[in-house]
Amino acid sequence: MELSLLFHLFFVLEICFLNLMVSSNNSVAMKERENPSAFPRNFLFGTASSAYQFEGAFSSDGKGLNNWDVFSHKPGNIMDRSNGDIAVDHYHRYLEDSDLMEDMGVNSFRFSISWARVLPRGRFGKVNMAGIRHYNKLIDSLWHKGIQPFVTLTHYDIPQELEDRYGAWLSPKMQDDFRYYADVCFKYFGDRVKYWVTFNEPNVAVIRGYRSGIYPPSRCSGSFGNCSNGDSEREPFIAAHNIILSHIAAFDLYRAKYKKTQGGSVGIVLNAIWFEPISSSLEDKLAAERAQSFYMNWFLDPIILGKYPEDMHKILGYILPKFLEKDLQKMKRGSDFIGINHYTSFYIKDCLVSVCERGPGNSRTEGLILRTALKDGNFIGKSTAVDWLYVYPKGMEKIVTYIKDRYNNIPMFITENGFGEMNNPNTTIEVSLNDVKRVQYMCSYLDALATAIRNGADVRGYFTWSLLDNFEWISGYTIRFGLHHVDYRTLKRTRKLSAMWYKQYISDHKARSTLMSRNTASKLAMELQRE
Ligand code: GBH
């Protein structure tokens with residue numbers, strides 16, 4: 001089996017590396033003194049994961065229940081009736097998993113801490129020392145292998161206690177809970193963790209939790225979804241507001257109490273879709289901008305620029321919560337870096353001036369736009385087994401450049417990028433392992449990222465989603481995103497072609513970086529001699 005994979009590796013290396021050479025070597029002579037790898041020398045190349053999707057051990061060693069434990073156990077919420085009780089048992093197999101990473105040659109691992117494992121009852125109970133010990137062991141095992149931990153505090157999961165007490169993010173009290181939790185993590189792990197992410201994709205958590213209601217706490221109203229409670233037109237903005245303030249609270253705490261001694265940085269991760277105007281009309285261009293405002297800038301503008309986007313103000317009016325003077329003081333540049341989870345792109349059509357059919361985005365509180373993958377009968381990029389994922393590599397270059405321009409070239413990390421395939425019961429493991437499409441996806445997206453970096457974007461790392469196949473939220477185990485295949489009966493991990501390819505890609509980058517330093521050094525020596 002491995003042999004045939006090797007053969008395929010040969011084949012894909014040809015497509016991908018040729019690609020890389022053509023784009024970076026257009027004028028070989030001029031570029032000789034530049035870094036032959038587009039990525040900076042200390043660039044982080046990693047894989048990503050999250051606690052609920054990976055760990056399992058949902059009630060082991062004193063862990064409290066969280067919102068996803070409760071949600072996934074309610075019939076009808078998860079497509080294949082599964083849950084994360086065992087997931088891929090990363091809680092017990094973290095050593096084996098760090099071996100897989102070491103073998104790939106990655107220098108960083110993005111994972112999240114389970115809030116309810118560390119604080120089973122939030123700030124209303126004790127710190128669970130068994131949970132602390134677990135993450136200490138994980139962090140140490142990574143460092144032993146030269147792998148830098150890149151740690152998210154909240155990847156959708158929060159202690160159920162906080163949900164029950166005050167409806168989670170609808171309450172401003174969550175700011176105190178989050179600050180308390182962040183403090184515990186900084187204190188116990190901050191000597192060895194230098195990259196902190198407060199929230200993973202709060203835009204998705206809020207949209208799906210409080211507008212369409214398909215994620216916990218399952219709140220929505222009217223035509224937005226099918227829920228017993230909620231207000232799709234207001235609650236997303238309240239929840240978002242409290243999350244933004246919670247991020248600021250943790251960022252400020254780190255700055256005041258830990259930054260000096262620990263020297264790390266704190267950022268936030270947003271899901272970032274590239275929105276391409278469907279036509280060159282001014283209305284559609286403005287609509288694409290509005291789509292960003294209502295999806296990503298909604299969070300990033302307040303945190304980095306100190307205010308909500310102008311077009312949100314205009315359209316939402318009093319619905320948009322206001323920041324207090326004391327908050328505003330902490331708000332400009334309230335993040336050391338931005339994490340970008342980028343997978344896909346969509347076309348955007350204006351529905352403010354023009355008349356639209358009903359569809360995604362076309363309501364006042366979504367910004368009056370229409371989001372579609374189709375233009376004149378053609379998809380924006382190749383469609384995939386995942387309904388929201390279209391392959392449009394150019395979108396990577398565009399979104400990174402957009403963020404660079406809007407936020408004054410703040411340091412960025414691509415915290416997720418990846419390709420999902422259907423876990424069809426008839427697919428043999430051989431077919432899963434030979435994931436040529438994933439390789440092509442990664443290769444083309446990395447190439448587009450390299451172009452953005454060459455044009456000046458300050459991108460410092462790339463994490464592929466994901467190290468292993470895992471629990472894909474409401475899709476359960478029906479979709480595989482891993483660079484390693486997981487047999488869900490035995491939990492055996494097997495590397496796919498993409499893992500072998502990524503290993504090659506990283507080692508090639510390393511070789512080019514050292515080649516660069518040697519070349520430049522000898523060139524310099526020659527020039528000096530001539531003078
Ligand atoms: C990421 O989510 C997650 O961080 C990760 O846990 C997950 O496993 C991975 O990607 C793969 O799915 O309905 O308006 O929010 C990103 C997944 C991207 C799904 C955007 C929903 C549609 C827009 N999401 N998407 S919206």
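Couplings for the range 76-84, taken from phi via the Karplus curve 6.51 cos²θ - 1.76 cosθ + 1.60 with θ = phi - 60°, read x, 7, 10, 3, 9, 6, 9, 7, x Hz in order; Gly and Pro are left as x. Our helix-only sum for the chain, with -39,500 (n - 2.57) per DSSP H run of n ≥ 4 divided by its residues, gives a mean residue ellipticity at 222 nm of -13500 deg cm²/dmol. A 1.4 Å probe run over the protein chains yields, for the chain, 41 Å² of accessible area per residue, whole-number rounding. A crude spin-label estimate for the pair A385 and V355, with each label 7 Å from Cα along the Cβ direction, gives 4.3 nm.
Overall, the range 135-233 carries a charge dipole of about 320 debye about its Cα centre when +1 sits on the Cβ of Lys and Arg and -1 on the Cβ of Asp and Glu, all other atoms neutral. In this structure the amide hydrogen of N470, modeled in the peptide plane, comes within under 5 Å of the amide hydrogens of F481, G482, none closer than 5 places in sequence on its chain. Counting Lys and Arg as +1 and Asp and Glu as -1 over every other residue whose Cβ lies under 12 Å from the Cβ of G213, the net charge comes to +1.
Taking amide H atoms as placed 1.01 Å from N in the peptide plane, the amide H of V197 lies under 5 Å from those of V151, T152, L153, G267, each 5 or more residues away in sequence or on another chain. Overall, the accessible surface of the range 90-162 at a probe of 1.4 angstrom is composed of carbon and sulfur to the extent of 51 percent. Here r is the Cβ-Cβ distance between D61 and N426 and R0 is 45 Å; the resulting FRET efficiency, rounded to 0.05, is 0.75. Placing +1 on the Cβ of every Lys and Arg and -1 on the Cβ of every Asp and Glu, with nothing else charged, gives the chain a dipole about its Cα centre of roughly 1180 debye. Projecting label points 7 angstrom from Cα along Cα→Cβ for D458 and T401 puts them 2.0 nm apart. Charge tally for L374 (other residues, Cβ to Cβ under 15 Å; Lys, Arg +1; Asp, Glu -1): -1. Once C-alpha pairs closer than 8 Å and six or more residues apart are averaged by separation and normalised to the residue number of the chain, the relative contact order reads 18 percent. Considering only F481, N455, Y441, the residue lying farthest towards the positive end of the dipole of the range 428-482 is N455, judged by Cα position with unit charges set on Cβ.
Other residues lying with their Cβ under 11 Å from the Cβ of V269 contribute a combined charge of -1, Lys and Arg counting +1, Asp and Glu -1.
Sequentially through the range 185-201, phi angles give Karplus couplings (6.51, -1.76, 1.60; θ = phi - 60°) of 5, 4, 5, 7, 10, x, 5, 10, 10, 10, 10, 10, 10, 6, 10, 8, 6 Hz, Gly and Pro residues having no value and appearing as x.
Is the C-alpha gyration tensor of the chain telling us rounded, prolate or oblate? Criteria: a/c under 1.5 is rounded; beyond that, a/b larger than b/c is prolate, otherwise oblate. In terms of gyration-tensor shape, rounded.
Phi angles across the range 378-386 convert, under the Karplus curve 6.51 cos²θ - 1.76 cosθ + 1.60 with θ = phi - 60°, into 3J(HN,Hα) values of 10, 6, 4, x, 4, 7, 10, 5, 9 Hz, Gly and Pro given as x.
The alpha carbon centroids of the range 450-493 and the range 275-290 are separated by 31 Å.
Under 5 Å between amide hydrogens, built in the peptide plane, is the criterion, and for G461 it picks out L44, I414 among residues at least 5 positions away or on other chains. Between the residues Y181, N297, S4, the greatest Cα displacement towards the positive end of the dipole of the chain, with unit charges on the Cβ of Lys, Arg, Asp and Glu, is found for Y181.
Atom-type composition of the exposed protein surface of the range 292-403 places 54 percent of the accessible area on carbon and sulfur (1.4 angstrom probe).
Where both residues lie in the chain, what percent of DSSP beta bridges are antiparallel, nearest 5? In the chain, DSSP labels about 25 percent of beta bridges as antiparallel. Highest-first packing order for the peptide set 188-194, 398-404, 454-460 is 398-404, 188-194, 454-460, based on the mean count of other beta carbon atoms within 10 Å.
So which of K349/K404; K145/K257; K259/K503; K63/K145; K332/K496; K314/K382 end up more than 32 Å apart by C-alpha? Listed pairs above 32 Å: K259/K503; K332/K496; K314/K382.
The values are calculated or read from the model by the stated rules, or taken from the named source; none is laboratory data. All values reported here derive from a predicted model rather than from experimental measurement. Cβ sites come from the backbone with ideal geometry, for glycine too, and all protein chains shown count toward neighbours. The area values use the complete protein model at the heavy-atom level, side chains included, leaving out ligands, DNA and RNA. Shrake-Rupley method; radii C 1.70, N 1.55, O 1.52, S 1.80 Å.
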